[in-house]
Amino acid sequence: MRNALIAAAVVAAGAIGYFAWTATDSRIDMPELAYVPADTALLSVQIKPIDIPTYLATVGMMPAESVSKTRANLEQARSELAIDEAQPAGFAFSLFDQFLSALEQPEQFSELTGLSAKSRSLIYMVGIAPVMRLQVSDEAQFWAMFDAAEQDSGYSHQQDTLEGQSYRRYALVTESNDEVQIDLLVRVEGSWATLTLDSSSLTAEGLRTRLALSEPADNLRATNKVGELIDYYDLHTDAVGYLSSAVIAAAFTDPESNRLGRDLNKISKGELVADRSDWQTPACQQDMAGITERWPGLVFDASIEQNAAGGARVSSNLLLPTSDKEAIANLQGLRGFIPSSLNGKFTDAIAYLALGSDIGQLAPNMSKLWVGVADAEYSCLPLVHMQQEMKQRNPLAALAVTTMGHGLQGAALILNELDLAALQAGNATAGLDAVVSLAASDIEAVYNVIQASLPSLMNTKLPEVGEATDITQTVVMLGGVPGQYHLRRGENQLLIHTQGRAESQAMTIAAEPLTKNGIFAVGLNYEKLFAMLAEAMAASGEELPDELAGIMTWDMNLAFTVDVKDHGLIMTTEMQVNNP
């Protein structure tokens, strides 16, 4: 559990921050979009330059101790797998080690990699092949990073040319029968580096597009799809990307209609068409086109605000959009109450967790969503067969028990303080500061259910609205941490809290009106969380691992929410990092 928390914290800090490197702006024309095919299944594009050295120094992809640990793990894996230095994997290990070295020295990141200190980038697909384009400031140093990996591994590249333009080819995967070959291609022209994959199974004519040597006629600059997404979904203009369900579906129902389908069919030597012929009918093409029009895939955005003090605030959204108004209404019916002080907010608490859901409406709304899919009118035989299986295996009967929670609309937990040393010393009042709350349309009914489940509360009268009663003896009797506890009642809230900050937080939550404002919220104060973990480990006699020691000084707050808005399900992440 401890390792999972540490890993999750590092991933959240690094991955969320890196996600904000992919950006665009509907009001800024980005020439590089002209090299992106309009039928790309995936796009992640940046137009607002990010100060990479400052970002790395503030947010950091990995702390120094984690870099060292990762390097040690790589060396161990190389040894255990008996990877020959001269094999492609040896080169890949060496190249990644070069990148790790750059991460360890944020102020020299640009000098070590050749990438621009204030950089833009694009990630997209040309058919099945991924393409990454990075802005470079020093071409010689960029190549030096690859040269160092070659020298370290003893594995070299092949120099190729296409239309007079040179590029490097690194053979990554080669089967003995030569049926499978995957190469890494690297090219630099002007201020942009292009990295992509090539295979003997891919078309030679597509190589020009993968290497960004030519602009496809149907490109994203010409269609202005990125700008349309920004305007329609009201996205951040620092960062935008999408995963297209329409392109992916069409690749299977009509392989010749886009690059992805043609590549998949060529790689499978025609088996895609032969094995999926039941999907490649006019009926399936029409039905899947209708589904993907209503559910277009995923859309994401992000922005980074860096301040003069070296801190940064990262905001990002991941949207599962739909134009199906009935589905949106049913999804919104799942929403419940989340205290406004916790809903996507930064707090001084160690952590908070809130679940908003109208429990009594959970089964009906989920049933409507299920029936909406199972009873939709389709002519595509594979879809019809899937619907028949759905009707036979309806899992929603298991949700029938939730109707007993009619009126319950949310639950929340705030952990302000957990001082294990104080608890062990017998100072329970100073050792725990926390709030647990329930929200419901009928608090008396909820309390009656709780009393029936916990006979020790039978003699405890429900307080009047705005009042609290001491239930310390009951909580301790039930095995709770010794301390002082109060049961507090609001108009639509029932709370158990300790003294200290928890009392004022409970009073604030108890005074809130009951509104359906979200599905899920979680917040973490990394500095306080890791301090608590370190204290717990010390109390148990465990040594502080290097991974935890390296992030103990992180001054960072994270807030994550899940909600349903006008366009569909949305997950929002806010992260505030202050330079230590």
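Quick rundown of the values:
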| item | result |
| --- | --- |
| Pairs where the first residue, in segment 51-63, is over 10 Å from F109 (Cβ atoms) and not assigned by the TED database to the domain that holds Q105 and the second is at pLDDT below 65 and open to solvent by 10 Å² or more (accessible area, probe 1.4 Å), C-beta under 9 Å, 6+ apart | none |
| Tally, over segment 443-465, of residues that are surrounded by fewer than 12 Cβ atoms within 10 Å (Cβ to Cβ) and touching a residue at least 24 places away in the same chain (Cβ under 8 Å) | 1 |
| Criterion: acidic (D, E), modelled with pLDDT under 75 and open to solvent by 60 Å² or more (accessible area, probe 1.4 Å) - qualifying residue of D566, D546 | D546 |
| Residue match in segment 269-282 (condition: open to solvent by 50 Å² or more (accessible area, probe 1.4 Å) and under 21 Å from V131 (Cα atoms)) | no |
| Conditions (1) in contact with a strand residue (DSSP E or B) (Cβ under 7 Å, 6 or more places away or on another chain); (2) closer than 30 Å to V436 by Cβ; number of the one not met by N330 | (1) |
| Any chance T553 is open to solvent by 20 Å² or more (accessible area, probe 1.4 Å) and part of a loop (DSSP other than H, G, I, E, B) | yes |
| Matching helices (runs of 4 or more DSSP H) fully within segment 86-169 where at least 3 residues are of a type in the set (F, W, Y) | 88-103, 139-153 |
| Residue list for segment 94-108, filter: open to solvent by less than 10 Å² (accessible area, probe 1.4 Å) and either over 11 Å from M145 (Cβ atoms) or outside the structural domain of R210 (by the TED database) (or both) | L100 |
| Cross-chain or 6+ apart pairs with Cβ under 9 Å, segment 511-538 first and in the same structural domain as I350 (by the TED database), then of a type in the set (F, W, Y) and open to solvent by 50 Å² or more (accessible area, probe 1.4 Å) | F520/F560; A521/F560; V522/F560; G523/F346; G523/F560; L524/F560; N525/F346 |
| Test result for S214, under 27 Å from W279 (Cβ atoms), in the same structural domain as S44 (by the TED database) and at pLDDT below 95 | no |
| Residue within segment 157-169 that is surrounded by fewer than 15 Cβ atoms within 10 Å (Cβ to Cβ) and either outside the structural domain of L95 (by the TED database) or in contact (Cβ under 8 Å) with a residue 60 or more places away in the chain (or both) present | no |
| Counted residues, segment 186-224 - those being open to solvent by 60 Å² or more (accessible area, probe 1.4 Å) and of a type outside the set (S, T, N, Q) | 10 |
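The values are calculated or read from the model by the stated rules, or taken from the named source; none is laboratory data. On a predicted model such as this, the values are computed, not experimentally measured, just so you know. In this analysis, Cβ positions are derived from the backbone assuming ideal geometry, glycine residues included, and neighbour counts consider all displayed protein chains. Side chains included, ligands, DNA and RNA excluded: accessible areas come from the protein's heavy atoms. Shrake-Rupley method; radii C 1.70, N 1.55, O 1.52, S 1.80 Å.
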